[in-house]
Amino acid sequence: DESEPDSNEELYLVLSGRASFEVDGEQFDAPAGTVRLCAARRQRTAFGEEPDTTIIAVCGVPGKPYEPGGWELFAPLRPLYEAGDYAEAADRGRELLAGDPPYVDLFYNIACCESLADQNGQAIAHPSARDRTLGADPPVP
């Protein structure tokens, strides 16, 4: 959330096409080659205004080292997922989960791959993600 005290600042680079940015309600045009820094705690949005517009966004909290958010771990598996090779994505994903990473989204993504690969027993067998989301097991009514 950009309104949080430790929110990210973001640096945008428009590689191709044309984009527009809205920062705290103010609009900016951004043709290819534009670099735009948005300070932390400012509301911002970027829009591709032409087909094939490519924007790179780099973000971080000022004064703090970068901490991965989890998507980086799933990125190598995404091509398998997009190709429909859910079983292979699930197998490789379980290798990642063996290290018990602190990213609930990674557990969710792997469980989705397992479910799509008809590995439903595996998909519901990730207690670490459940525990991170719910805390201790909820009482049974």
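The values are calculated or read from the model by the stated rules, or taken from the named source; none is laboratory data. It should be emphasised that the depicted structure is a prediction, and the values quoted were computed from it without experimental measurement. Note that each Cβ is placed from the backbone with ideal geometry, even for glycine, and that neighbours are counted across all protein chains shown.
Just checking, does the range 23-34 include any residue being surrounded by fewer than 16 Cβ atoms within 10 Å (Cβ to Cβ), modelled with pLDDT under 95, closer than 25 Å to Glu72 by Cβ and in contact with an Asp or Glu (Cβ under 9 Å, 6 or more places away or on another chain)?
no
Picking from Leu106, Leu77, Leu37, Leu13, which residue would you name as being of a type outside the set (Asp, Glu) and either in a loop (DSSP other than H, G, I, E, B) or loosely packed, with under 15 Cβ neighbours inside 10 Å (or both)?
Sole residue among the options that is of a type outside the set (Asp, Glu) and either in a loop (DSSP other than H, G, I, E, B) or loosely packed, with under 15 Cβ neighbours inside 10 Å (or both): Leu37.
Could you list, in sequence order, the residues of the range 44-73 that are touching a residue at least 40 places away in the same chain (Cβ under 8 Å) and either surrounded by fewer than 12 Cβ atoms within 10 Å (Cβ to Cβ) or of a type in the set (Val, Ile, Thr) (or both)?
First, pick out the residues of the range 44-73 that are touching a residue at least 40 places away in the same chain (Cβ under 8 Å): 44, 54-62, 64.
Those that are touching a residue at least 40 places away in the same chain (Cβ under 8 Å) and either surrounded by fewer than 12 Cβ atoms within 10 Å (Cβ to Cβ) or of a type in the set (Val, Ile, Thr) (or both): Thr54, Ile55, Ile56, Val58, Val61, Pro62, Lys64.
Take the range 18-33 and flag every residue that is in a loop (DSSP other than H, G, I, E, B) and within 24 Å of the chain's Cα centre (by Cα). Walk me through how you get there before you give the answer.
Going through the range 18-33, the residues in a loop (DSSP other than H, G, I, E, B) turn out to be 24-25, 32-33.
Correct list: Asp24 only.
Do you know which residues across the range 109-141 are at pLDDT below 70 and in a loop (DSSP other than H, G, I, E, B)?
His126, Gly135, Ala136, Asp137, Pro138, Pro139, Val140, Pro141
Pull up the range 80-100, narrow it to residues that are assigned to a loop (DSSP other than H, G, I, E, B) and modelled with pLDDT of 95 or more, then point me to the one that is surrounded by the most Cβ atoms within 10 Å (Cβ to Cβ). Working first, answer last.
Our first condition is that a residue be assigned to a loop (DSSP other than H, G, I, E, B); within the range 80-100, this holds for 83-85, 98-100.
If we keep only those that are modelled with pLDDT of 95 or more too, we end up with 83-85.
Working: Ala83: 10, Gly84: 11, Asp85: 17.
Ranking the qualifying residues of the range 80-100, first place goes to Asp85.
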